[in-house]
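S.K.: Before I ask anything, here is the structure I am working with.
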Amino acid sequence: QLFGTLADDPEAPLPTAAAARLALTAVHALAARPVAGELDDLAELVELADVPWLSALARAAAGLAGGESWHRAIEVADECEAEGDPWGGVAARFFAVLGSLATGGAPVGELVGLCDRLRRLDAGAVECWCRAWLATAMARAGDSRALEVARAAERDAAVAEVPGAQVW
């Protein structure tokens with residue numbers, strides 16, 4: 001609700017409104033709501049805000065739509081990491097795998113890599129979600145270890161008190 005309020009507040013500075021709109025789009029994707037229709041407006045708003053890191057994340061947000069657009073998000077992630085921005089890289093990869101999963105994909109390799117990156121950044125809550133998504137991707141790919149990974153993800157999520165990871 002806070003993101004929606006900030007995104008729609010005519011008094012909010014443009015970069016703040018654009019960042020809130022980006023966050024709101026990600027929240028919609030997490031809730032399994034289609035976001036493809038929101039992405040063009042988001043890109044336009046972020047371009048007007050003229051904040052380079054926000055522009056990069058908005059380009060990566062195309063990955064939330066799934067399909068082939070997830071490759072664009074991976075490209076942005078690689079760019080961020082090459083520029084020394086591991087958090088930007090993680091956010092872009094997050095958009096890519098979430099979009100792929102939401103549209104029936106099974107990005108097992110990307111999820112393994114994302115989990116490793118999140119662990120190195122000590123981003124425990126998001127890593128819990130990532131591990132749950134990994135189990136989903138593995139099951140879709142027919143990997144016999146999916147159930148074991150799912151159980152471990154649920155245990156880790158319970159210990160970390162990250163209930164959203166248990167839903168997947």
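The values are calculated or read from the model by the stated rules, or taken from the named source; none is laboratory data. The structure displayed is predicted, hence computed values, not measured ones. Every residue, glycine as well, gets a Cβ built from its backbone with ideal geometry; the counts of neighbours run over all protein chains shown. Protein only, heavy atoms only, side chains kept; ligands, DNA and RNA dropped before computing areas. Shrake-Rupley method; radii C 1.70, N 1.55, O 1.52, S 1.80 Å.
S.K.: Looking for whichever is in contact with a Pro (Cβ under 7 Å, 6 or more places away or on another chain) and farther than 20 Å from LEU121 by Cβ here; the options are VAL46, VAL51, VAL35. Which one fits?
M.R.: On inspection, the qualifying residue turns out to be VAL51.
S.K.: Just the residues that are in a helix (DSSP H, G or I) and surrounded by fewer than 19 Cβ atoms within 10 Å (Cβ to Cβ), please, taken from the stretch 150-168.
M.R.: ARG151, ALA152, GLU154, ARG155, ASP156, ALA158, VAL159, ALA160, PRO163, GLY164, GLN166, VAL167, listed by residue number.
S.K.: Can you find a residue in the stretch 82-92 that is open to solvent by less than 10 Å² (accessible area, probe 1.4 Å) and over 14 Å from the mean Cα position of the chain (by Cα)?
M.R.: No, the stretch 82-92 contains no residue that is open to solvent by less than 10 Å² (accessible area, probe 1.4 Å) and over 14 Å from the mean Cα position of the chain (by Cα).
S.K.: Right, here's the next one. Looking only at helices (runs of 4 or more DSSP H) that fall completely inside the stretch 1-76, which ones have 2 or more residues that are surrounded by 21 or more Cβ atoms within 10 Å (Cβ to Cβ)?
M.R.: 14-30, 36-49, 52-60
Results for (1) at pLDDT 90 or above; (2) under 22 Å from ALA31 (Cβ atoms); (3) among the basic types (Lys, Arg), shown as yes or no for each residue.
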| site | (1), (2), (3) |
| --- | --- |
| ALA65 | no, yes, no |
| ALA73 | yes, yes, no |
| VAL76 | yes, no, no |
| ASP85 | yes, no, no |
| GLY89 | yes, no, no |
| PHE94 | yes, yes, no |
| THR103 | no, yes, no |
| VAL108 | yes, no, no |
| ASP116 | yes, no, no |
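Yes/no matrix, rows are residues, columns are (1) crowded, with 21+ Cβ neighbours inside 10 Å; (2) touching a residue at least 40 places away in the same chain (Cβ under 8 Å); (3) under 16 Å from GLY63 (Cβ atoms); (4) out of contact with any strand residue (DSSP E or B) (no Cβ under 6 Å at 6 or more places or on another chain):
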position: LEU101; (1), (2), (3), (4): yes, no, yes, yes
position: GLY105; (1), (2), (3), (4): no, no, yes, yes
position: LEU111; (1), (2), (3), (4): yes, no, yes, yes
position: LEU114; (1), (2), (3), (4): yes, no, yes, yes
position: ARG120; (1), (2), (3), (4): no, no, no, yes
position: GLY124; (1), (2), (3), (4): no, no, no, yes
position: CYS128; (1), (2), (3), (4): yes, no, no, yes
position: ARG131; (1), (2), (3), (4): yes, no, no, yes
position: LEU134; (1), (2), (3), (4): yes, no, no, yes
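Here's the yes/no breakdown for (1) of a type in the set (A, V, I, L, M, F, W, C); (2) in contact with a Phe, Trp or Tyr (Cβ under 7 Å, 6 or more places away or on another chain); (3) farther than 24 Å from CYS128 by Cβ:
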{"site": "PRO15", "(1), (2), (3)": "no, no, yes"}
{"site": "ARG21", "(1), (2), (3)": "no, no, yes"}
{"site": "VAL35", "(1), (2), (3)": "yes, no, no"}
{"site": "LEU45", "(1), (2), (3)": "yes, no, yes"}
{"site": "SER55", "(1), (2), (3)": "no, no, yes"}
{"site": "ALA82", "(1), (2), (3)": "yes, no, yes"}
{"site": "PHE94", "(1), (2), (3)": "yes, no, no"}
{"site": "GLY99", "(1), (2), (3)": "no, yes, no"}
